[in-house]
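The values are calculated or read from the model by the stated rules, or taken from the named source; none is laboratory data. It should be emphasised that the depicted structure is a prediction, and the values quoted were computed from it without experimental measurement. Every residue, glycine among them, receives a Cβ derived from its backbone with ideal geometry; neighbour counts consider all protein chains shown. Note: accessible area is taken over every heavy atom of the protein model, side chains too, but ligands, DNA and RNA are not part of it. Shrake-Rupley method; radii C 1.70, N 1.55, O 1.52, S 1.80 Å.
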Amino acid sequence: MKTVIKNGVLLDNQNSFKKADIEMEGKVITKIGENLATENCKVVDAEGLLITSGFVDLHVHLREPGGEHKETIASGTQAAARGGFTTVAAMPNTRPVPDTVENLEALNRKIEETAHVRVLPYASITIREAGKELTDFSSLKQTGAFAFTDDGVGIQEAGMMLEAMKRAAAQDVAIVAHCEDNSLINKGSVHEGRFSKEQGINGIPSVCEAVHIARDILLAEAADCHYHVCHISTKESVRTVRDAKRAGIRVTAEVTPHHLLLCEDDIPGLDTNYKMNPPLRGREDRDALIEGLLDGTIDFIATDHAPHAAEEKAQGMQLAPFGIVGLETAFPLLYTELVKKGVITLKQLIDFMTIKPSESFSLPYGELKEGAIADIVLIDLETEKEINAEEFASKGKNTPFNEKKCYGWPVMTIAEGKIAWEKGRVQG
């Protein structure tokens, strides 16, 4: 049976709203227009709601296998659907790591059995993400690896990274990098700046990230490889990526909502919900990230959704794990803080969360048009509601944004033509 979404509004390229209906059949959008026929169709009333393509997040941690007490593929993709995401890419820092065909096949089966939205699995660059031995890129790509990363661990040896990039280039896949020089981390828990000095705790300097990006950009140029920078956080890193793009080097970069919205000045004491890696940097860094997003240096937004158990986050700033959850709050936060305050347009925000990540990795998602896959989210832009971590579908409740009032809440998510989430209820 066909489904018709009636009476919604679309956003055109001029950032203007227009009334529209959308017809779906199977997994495909078949018609977009006004006053579409509904005879013998299932009808979804979208009166007063914005209709966009489902969001694409290329940096999430689903924790399964090995970290099911933090998150599972089922709970993480429920959270994704609740946040309007229909495509997520799962990082490989699991146990076991998807570093062999056998491990990746097992992961693919679990995704097929339990995921509520599309999951693209990363494979690791090195065996067990230990930085000692490269994985078999060819066989892992054939088994469905989306791209290659040791996210959470920077590749420390330049020679190994260059060889990895050569192998990735040969397979036409990207190297996706957590950029951090371990010799410069200094056992830090937060950014090395005003806050770390006031609290008397070790800080992570900005150069720790920027120097790795600079090295990798030159290696990517030598290997003719697509190189992608995870969760960029410093003004020096933005400058380095900008220079690389001007030089014609194939580099892309992402930024998280929390790095766009927060800086070290916003940390209210030793609250571990403000501990993430990379850490919240200085105000100048945050300003540089926004500028980099607007001028195209940074390509898209990714959440780095990183759930942890409450008891783990309760260990104090120095011992608690890095990371916060982000799938269920990304769009409302960014809409409220950036769009409603005039920093970016609604069209830009939607592009940064749909077509831009898809284009960066040549994925067939993120567009709302006839013939496209029916990945759709319906959003209420008018209702203000508090973020309530206890209502999250994610097992992780670790967010610095709890109780913040936001507009722009997804109310229905459709993945490949099927309702994946609707008004608080996860569909089967």
Within the range 244-264, does at least one residue satisfy the condition of being open to solvent by 10 Å² or more (accessible area, probe 1.4 Å), at positive phi and modelled with pLDDT under 95? no
Those residues of the range 217-229 which are in contact (Cβ under 8 Å) with a residue 60 or more places away in the chain, part of a helix (DSSP H, G or I) and either buried (at least 19 other Cβ atoms within 10 Å of the Cβ) or in contact with a helix residue (DSSP H, G or I) (Cβ under 6 Å, 6 or more places away or on another chain) (or both) amount to 219, 223
Across the range 281-294, what is the total count of residues that are over 17 Å from the mean Cα position of the chain (by Cα), hydrophobic (A, V, I, L, M, F, W, C) and either more than 17 Å from residue 252 (Cα to Cα) or buried (at least 23 other Cβ atoms within 10 Å of the Cβ) (or both)? 1
Take the residues in the range 268-280 that are assigned to a loop (DSSP other than H, G, I, E, B), in contact (Cβ under 8 Å) with a residue 60 or more places away in the chain and open to solvent by less than 20 Å² (accessible area, probe 1.4 Å); name whichever of them is nearest to residue 317 (Cα to Cα). 275
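The rows are residues; the columns are (1) open to solvent by 10 Å² or more (accessible area, probe 1.4 Å); (2) of a type in the set (A, V, I, L, M, F, W, C); (3) in contact with a His (Cβ under 6 Å, 6 or more places away or on another chain).
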| position | (1), (2), (3) |
| --- | --- |
| 159 | yes, no, no |
| 162 | yes, yes, no |
| 172 | yes, no, no |
| 177 | no, yes, no |
| 199 | yes, no, no |
| 213 | no, yes, no |
| 231 | no, no, no |
| 234 | no, no, no |
| 238 | no, yes, no |
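Residue by residue, here is whether (1) in contact (Cβ under 8 Å) with a residue 12 or more places away in the chain; (2) assigned to a helix (DSSP H, G or I); (3) under 22 Å from residue 388 (Cα atoms); (4) out of contact with any Lys or Arg (no Cβ under 9 Å at 6 or more places or on another chain) holds:
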position	(1), (2), (3), (4)
316	yes, no, no, yes
324	yes, no, yes, no
332	yes, yes, yes, no
343	yes, no, no, yes
347	yes, yes, no, yes
356	yes, yes, no, yes
Of the listed residues (81, 106, 37), the one being over 18 Å from residue 368 (Cβ atoms) and either buried (at least 21 other Cβ atoms within 10 Å of the Cβ) or under 24 Å from the mean Cα position of the chain (by Cα) (or both) is 106
Search the range 365-375 for residues being within 17 Å of the chain's Cα centre (by Cα) and surrounded by 22 or more Cβ atoms within 10 Å (Cβ to Cβ), and hand back the single one that is nearest to residue 4 (Cα to Cα). 375
Consider residue 57 against the criteria (1) part of a loop (DSSP other than H, G, I, E, B); (2) among the acidic types (Asp, Glu); (3) at pLDDT 95 or above: it satisfies all of them except one. Which criterion is unmet? (1)
Any residue in the range 392-408 that's in contact (Cβ under 8 Å) with a residue 60 or more places away in the chain: show its pairings with residues that are among the aromatic types (Phe, Trp, Tyr) and open to solvent by less than 10 Å² (accessible area, probe 1.4 Å) at Cβ separation under 6 Å, as long as the two are six or more apart or on different chains. 408/331
Single match in 21, 57, 99 (criterion: open to solvent by less than 50 Å² (accessible area, probe 1.4 Å), over 20 Å from the mean Cα position of the chain (by Cα) and closer than 21 Å to residue 421 by Cα): 21
Give the residues of the range 112-164 that are in contact (Cβ under 8 Å) with a residue 60 or more places away in the chain and either touching a Lys or Arg at 6+ places or on another chain (Cβ under 6 Å) or assigned to a helix (DSSP H, G or I) (or both), sorted by residue number. 158, 162
If you scan the range 233-267, which residues turn out to be of a type outside the set (Asp, Glu), touching a Ser or Thr at 6+ places or on another chain (Cβ under 8 Å) and assigned to a helix (DSSP H, G or I)? 235, 237, 238, 241, 242, 245, 257, 259
Contact list please: Cβ distance under 7 Å, first residue in the range 178-193 and closer than 15 Å to residue 237 by Cα and among the charged types (D, E, K, R), second residue open to solvent by less than 20 Å² (accessible area, probe 1.4 Å) and outside any loop (DSSP other than H, G, I, E, B), pairs at least six apart or on different chains. 180/208; 180/209; 180/212; 181/208; 181/212
Which residue out of 132, 141 is surrounded by fewer than 16 Cβ atoms within 10 Å (Cβ to Cβ) and of a type outside the set (Asp, Glu)? 132
